[in-house]
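K.L.:
One structure, pasted below without further comment.
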Amino acid sequence: MKRILILISGRGSNLQAIVQRCADEAWPAQVVAVISNRPGAEGLGFAAARGIPTAMLDHRGFASREAFDDELSHLIDGFAPDLVVLAGFMRILGDGFVARYAGRLLNIHPSLLPAFAGLQTHRRAIEAGCKLAGATVHFVTPTLDHGPIVAQASVPVLADDTPETLSDRVLAAEHRMYPEAVRWFVEDELRVSEGGVVHHRLGISQLFCG
Ligand code: GRF
């Protein structure tokens, strides 16, 4: 039974998708805790209602990034997770934290990486005239939004899209892809090559098309 811990900062719709699929498909896994760095994050209520332990660690109470990361690691390690899932966790984690969870720290980013790392991805994709947009699940490494790519989902960019309409379309794809990628991890289906390329053990496509 793999132990999954999920970090959030807000709405938590990806968290919900993962918890739901884990239960519906009886994965050999359990979501053991949800931790938010923001008080009042909506996702905490969802987790608590499902009987999942929750915690809140407000980064604003810490003098430095390292001090926050240290306390967060301490909290995380108390749940002994096999996998830490960042699901809308809007806080940059320091190198020490990333090294501590290397190979068992996943993130989802709302763009087709390596394009549009960072913020405002949907607006930037529209302004660049992209015809495709999407989201990427990747292992976290010290460089922001740059780790080995586990899966990608693509959706079309429509002529009248706004950042909001595009974001809705991408988010729906995220909800299909992220639980699948987490399932691959807990079922030991992922292989990372020396060069940092992630393969599915069974050669299954890691692309989700909208
Ligand atoms: C998602 O778009 C995710 O890609 C990004 O933050 C958003 C989180 O949404 N990292 P939610 O909290 O899972 O609803």
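The values are calculated or read from the model by the stated rules, or taken from the named source; none is laboratory data. Worth saying up front: this structure is predicted, and the values here are computed from it rather than measured. Note that we place each Cβ from the backbone using ideal geometry, even for glycine, and neighbour counts take in every protein chain shown.
K.L.:
Restricting to helices (runs of 4 or more DSSP H) lying wholly in segment 60-154: which have 2 or more residues that are within 13 Å of the ligand (Cβ to nearest atom)?
P.N.:
Helices (runs of 4 or more DSSP H) meeting the threshold: 121-127.
K.L.:
For segment 189-202, name all the residues that are farther than 18 Å from Pro179 by Cα and loosely packed, with under 11 Cβ neighbours inside 10 Å.
P.N.:
Ser193, Glu194, Gly195, Val197
K.L.:
State whether one or more residues within segment 97-113 are crowded, with 21+ Cβ neighbours inside 10 Å, over 18 Å from Ile6 (Cβ atoms), of a type in the set (A, V, I, L, M, F, W, C) and under 16 Å from the mean Cα position of the chain (by Cα).
P.N.:
Within segment 97-113, one or more residues are crowded, with 21+ Cβ neighbours inside 10 Å, over 18 Å from Ile6 (Cβ atoms), of a type in the set (A, V, I, L, M, F, W, C) and under 16 Å from the mean Cα position of the chain (by Cα).
K.L.:
Among the numbered criteria (1) assigned to a loop (DSSP other than H, G, I, E, B); (2) of a type outside the set (A, V, I, L, M, F, W, C); (3) closer than 21 Å to Gly103 by Cβ, which single criterion is violated by Gln30?
P.N.:
It is condition (1) that Gln30 fails.
K.L.:
Out of segment 173-188, which residues are surrounded by 15 or more Cβ atoms within 10 Å (Cβ to Cβ) and over 13 Å from Val137 (Cβ atoms)?
P.N.:
Correct list: Val186 only.
K.L.:
If a residue must be within 11 Å of the ligand (Cβ to nearest atom) and either within 16 Å of Pro179 (Cα to Cα) or modelled with pLDDT under 95 (or both), how many such residues does segment 1-33 contain?
P.N.:
Adding up the residues that qualify gives 10.
K.L.:
Also, quick follow-up: Among (1) over 18 Å from Leu132 (Cα atoms); (2) in contact with a strand residue (DSSP E or B) (Cβ under 9 Å, 6 or more places away or on another chain), which single condition is Ala173 missing?
P.N.:
(1)
K.L.:
Checking the structure you have, find out if any residue of segment 40-51 is modelled with pLDDT under 95 and surrounded by fewer than 18 Cβ atoms within 10 Å (Cβ to Cβ).
P.N.:
yes
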